[in-house]
Each structure stands twice: as C-alpha cells, then as structure tokens.
Amino acid sequence: MSDKNLEALFLHHLKTIYFAETQIGKALPPMIAAAKSPELRSAFETHARETQAQIRRLEQVFEIVSAKPEGAPCDGILGLIKEGEAVMRDFSGGEAFEAALIAAAQSIEHYEIARYGTLRAWARQLGLSEAAEILEESLDEETDTDEILSEIAEDMINEEAV
Ligand code: FE
Ligand code: FE
C-alpha cells in the first residue's frame, strides 16, 4: 500500500479525530462545572458520556482496519479548545459567559461534524461499510448536540446575555 493513498489518509484522520475526542473528553468537565443553567449543564453532561462512547467507537474502527488505536496531534482542535478557554476566562462572571461557553462548544461540534462526515464518505469509498455506519452514529450525536446547543442559546442564554 502506498502511504499517500486514500486508505492512508483515512487512517491519518482516524488518528486526528481520536486525538481530538480524547482532548474534548478532558475539556468537557470544566465546561460542565462552569455552566450555570441546568439545561446547558445537562447537555454537556450527556455529551461527555457520548464522547466516551465515541472514543470506543473509534477503537472499533481501528480494529476494522487492523490498526492500533493511537492519536495524531491535531492543531485544529487544540486551537479551538484554547480559544474556548480564553473566551471563558475573558467573560468570566459576565452576563454573556454562557453565550461564550456555547459558542466555544459549537465550534468544536462543527469541527467534529466536518471530520466525521469526511471519514464516513471515505469509509464508503473504501468499501468499509461497517466502519461507515459506526462513524455515522457519532456524526449523528455531534449534529444533535449542535442543534440542542443552538436551541438552548436561542431560547434563553442569548436574551440573558444582552
Ligand atoms: Fe465527539
Ligand atoms: Fe462533540
């Protein structure tokens, strides 16, 4: 196998999303602790549990392609997490704090939606239908989380932030 074909690219990004999910798993507990509205805290708690399940799903995909589960450092997710931490610090104690928290979380969800969508398409292209289905389960959870966060923001947080 060439090391620059689609199979290699698929494995590379499987490793970057594995790295990302691990980082997100660490980033969520402080976000849960910081969320004041019960709806937002509960949405983050649910997604923290889903994140652990997503990590296990990625390990299943590694197994399907006979590769060892390992992360590849990804500057994209590290930047999004860092930006979220900075804005949370800057708006700490202010009316718009939870709006900042949601904005940070949604940037991360959009990154994940992009990655899982791409990986699912590549899995299909490579004839890895089981892997494609596993990736789709996580993609659906990311999409649902993004929608729930939009609803929470639009229903209450944004108004309180003004
Ligand atoms: Fe995730
Ligand atoms: Fe997510």
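Can you give me the % of accessible surface on the chain that is carbon or sulfur? Probe 1.4 Å, all protein chains present, nothing else counted. Working shown, then result.
Numbers: 4360 of 8590 Å².
Taking all protein chains in place, the chain shows 51 percent carbon and sulfur surface.
Pulled fully out, how much extra length does the chain show between Glu154 and Thr22, if you take 0.36 nm times their separation in residues and subtract their Cα-Cα distance?
Working: separation 132, 0.36 × 132 = 47.52 nm, distance 2.90 nm.
Full extension from Glu154 to Thr22 adds 44.6 nm.
Could you sort Val162, Val87 by accessible area so the largest value comes first, with the probe set to 1.4 Å? Don't skip to the end; give the middle numbers.
Working: Val162 150, Val87 50 Å².
Greatest to least solvent exposure: Val162, Val87.
Let me have the relative contact order for the chain, percent, based on Cα pairs under 8 Å that are six or more residues apart. Can you show the working numbers first?
Working: 151 pairs, mean separation 46.2, N = 162.
This gives 29 percent for the chain.
With every protein chain left in place, what is the accessible area per residue of the chain in square angstrom, probe 1.4 Å?
Working: 8590 Å² over 162 residues.
Ligands and nucleic acids excluded, the figure is 53 Å² per residue.
Hey, with R₀ at 25 Å, roughly what FRET efficiency would Gln60 and Ala8 work out to, going by the Cβ-Cβ distance, to 0.05? Intermediate values should be presented prior to the final figure.
Working: r = 20 Å, r/R0 = 0.79.
Calculated transfer efficiency: 0.80.
Run the dipole for region 40-137 about the Cα centre, Lys and Arg Cβ at +1, Asp and Glu Cβ at -1, nothing else charged, and hand back the magnitude in debye, nearest 20. Don't skip to the end; give the middle numbers.
On the way: 10 positive and 17 negative charges, 38 e Å.
Value, rounded to 20: 180 debye.
Tell me which lysines have Cα within less than 23 Å of Lys82's Cα, excluding those fewer than 8 residues away on the same chain?
Cross-link targets: Lys15, Lys26, Lys36.
Give the separation of the Cα centroids, region 31-49 to region 105-133, in Å.
25
Which residue, Gly76, Gly93, Gly25, has the most motion in a Gaussian network model of the chain that connects Cα atoms within less than 10 Å?
Gly93
The values are calculated or read from the model by the stated rules, or taken from the named source; none is laboratory data. Because the structure is a prediction, the values reported are computed rather than measured. FYI the Cβ positions are ideal-geometry reconstructions off the backbone, even for glycines, and counts take in every protein chain you see. With ligands, DNA and RNA removed, areas are computed over all heavy atoms of the protein, side chains included. Shrake-Rupley method; radii C 1.70, N 1.55, O 1.52, S 1.80 Å.
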